[in-house]
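What follows is one structure encoded as structure tokens, with my remarks underneath.
The values are calculated or read from the model by the stated rules, or taken from the named source; none is laboratory data. All values derive from a computational prediction rather than experimental measurement. Here the Cβ positions follow ideal geometry from the backbone for every residue, glycine too, while neighbour counts run over all protein chains shown. Surface areas here come from the heavy atoms of the whole protein model, side chains and all, with no ligands, DNA or RNA. Shrake-Rupley method; radii C 1.70, N 1.55, O 1.52, S 1.80 Å.
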Amino acid sequence: MNPRFIGLLSGTSMDAVDAALVSFEDAGPQCLATHSHAIPEDLRRELRALAAPGARSDPDTWGRLDARTGDLMAAAVQGLLETHGIDPATVRAVGSHGQTLRHRPQEQPPFTLQIGCPHRIAQATGLTVVADFRRRDVAAGGQGAPLVPAFHRYALGAEEEPRVILNLGGIANVTLLPARQDEAQHGTPVRGFDTGPANTLCDAWIRACREDAFDAGGAWAAQGRVDEALLAAMLADPYFRQPFPKSTGTEHFHLEWVRGHLGGRSVAPVDVQRTLVELTARSVAMAVLETAPRGRRLLVCGGGVHNRCLMESLEANLPGWDVASTAVLGMPPDWVEAMAFAWLARETLAGRPGNLPAVTGAREAVVLGAIHPGRDGRI
């Protein structure tokens, strides 16, 4: 039996920890089992408060939340194992992304910070844990993000067809995959970067206006209309014109960013929601058309794939493109990122680099993460 790995991911929505059990066969990765472990409301409130721009806290708070988040991620692993009757002895290791609270690639010195104590995950589950993937890339001069393009190349690349992979999480990021034959014969690099906001602004706005966690299916946004003046003001943000490598997060795109662009203008809340959907679709399309002018296939993963309003807006902004879920290739769109961190753990244990310098801007390819032995001491 090929070794199996568990990938853990908690994104900017902070609604749940996703856990995926993955095997790596000759034909590619296979997602064998999944589990979504809810984040308790009190912990979610504290994490969001700490992640908010300008938030200040003391070391005791950071330490306590690091421990609680580690326990939560251990519970997600145990929930996956117990729900599906998985023998822990068949799992080689866990790859834990952690919960991002700060991402500052433009600071001097640049840094990124994820919490979720991996020692507690290893101690509670008995499994080897690989974690803290992003900081080694930053130390090598990179952005520390996005890291999933290397997995996209491995799992979703095609021999003769160039593809663009779009992840619609809290932040949208694209991976530009050349045909494998072009990469091999001509050295055409894989490229990727964060295009801007995806679900994070829509989620924040609907929470503020309606106290809903998210806009299910984009149903509320679909009732509104695009406010072109507001959209133009938002698209004037310098991030959208910044050359890649680049990455961003909720420290840049957040609720107060939206309110700042609204100013004192009166725009119906539902029209703001629709405009935020269009902001994502327009900024993605601008980036794709500029960087992949000869591409014609966009494969979408992440929670935004279920937002019908957003998917329709993407199609409208990319005429002539085939826009579809990664499910058409047998890759479950909700679990691609969790699967990616299972793969990154595999690469780390094999001593192979997990970053792509052409994507992150790092000076060299490096082995990512830190290894925390399981209870039996095995690495």
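Run Val328 past the list (1) of a type in the set (A, V, I, L, M); (2) touching a residue at least 40 places away in the same chain (Cβ under 8 Å); (3) open to solvent by 30 Å² or more (accessible area, probe 1.4 Å); (4) within 21 Å of Gly157 (Cα to Cα) and report the number of the one that doesn't hold.
Looking at each condition in turn, Val328 falls short on (2).
Restricting to segment 38-61, and then to whatever is within 28 Å of Gly260 (Cα to Cα) and outside any helix (DSSP H, G or I), can you tell me which residue is least open to solvent (accessible area, probe 1.4 Å)?
By that ranking, first place goes to Ala55.
Could you tell me which residue of segment 235-251 is modelled with the highest pLDDT, considering only residues that are touching a Lys or Arg at 6+ places or on another chain (Cβ under 8 Å) and among the aromatic types (Phe, Trp, Tyr)?
The residue in question is Tyr239.
Among what's in segment 160-175 and is over 12 Å from the mean Cα position of the chain (by Cα), touching a residue at least 40 places away in the same chain (Cβ under 8 Å) and open to solvent by 10 Å² or more (accessible area, probe 1.4 Å), pick the residue that is farthest from Val270 (Cα to Cα).
Glu161
To keep it simple, each residue is scored yes or no on (1) in contact with a helix residue (DSSP H, G or I) (Cβ under 7 Å, 6 or more places away or on another chain); (2) open to solvent by 50 Å² or more (accessible area, probe 1.4 Å); (3) of a type in the set (A, V, I, L, M); (4) at pLDDT below 95.
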site	(1), (2), (3), (4)
Gly63	no, no, no, no
Ala67	yes, no, yes, no
Asp71	yes, yes, no, no
Gly116	yes, no, no, no
Ala139	no, yes, yes, no
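Taking into account only those residues within segment 184-193 that are open to solvent by 50 Å² or more (accessible area, probe 1.4 Å) and of a type outside the set (A, V, I, L, M), which is farthest from His252 (Cα to Cα)?
Gln185
Test Ala213 against the criterion of being closer than 20 Å to Gly170 by Cβ, in contact (Cβ under 8 Å) with a residue 40 or more places away in the chain, open to solvent by 60 Å² or more (accessible area, probe 1.4 Å) and not charged (D, E, K, R), and give yes or no.
Working: closer than 20 Å to Gly170 by Cβ: yes; in contact (Cβ under 8 Å) with a residue 40 or more places away in the chain: yes; open to solvent by 60 Å² or more (accessible area, probe 1.4 Å): yes; not charged (D, E, K, R): yes.
Yes; evaluated as a whole, the condition is true for this residue.
Checking the conditions here, which among Ala232, Ala198, Ala213 is of a type in the set (Gly, Ala, Ser), at pLDDT 95 or above, touching a helix residue (DSSP H, G or I) at 6+ places or on another chain (Cβ under 8 Å) and farther than 17 Å from Pro53 by Cβ?
On the way: Ala232 fails: touching a helix residue (DSSP H, G or I) at 6+ places or on another chain (Cβ under 8 Å); Ala213 fails: at pLDDT 95 or above.
Of Ala232, Ala198, Ala213, the one residue that is of a type in the set (Gly, Ala, Ser), at pLDDT 95 or above, touching a helix residue (DSSP H, G or I) at 6+ places or on another chain (Cβ under 8 Å) and farther than 17 Å from Pro53 by Cβ is Ala198.
Report every pair of residues separated by at least 6 positions or lying on different chains whose Cβ atoms are under 8 Å apart, first residue within segment 91-119 and in contact (Cβ under 8 Å) with a residue 12 or more places away in the chain and more than 26 Å from Ala75 (Cα to Cα), second assigned to a strand (DSSP E or B) and of a type in the set (Val, Ile, Thr).
Pairs that qualify, where the first residue is in contact (Cβ under 8 Å) with a residue 12 or more places away in the chain and more than 26 Å from Ala75 (Cα to Cα) and the partner is assigned to a strand (DSSP E or B) and of a type in the set (Val, Ile, Thr), are Arg104/Thr112; Pro105/Thr112.
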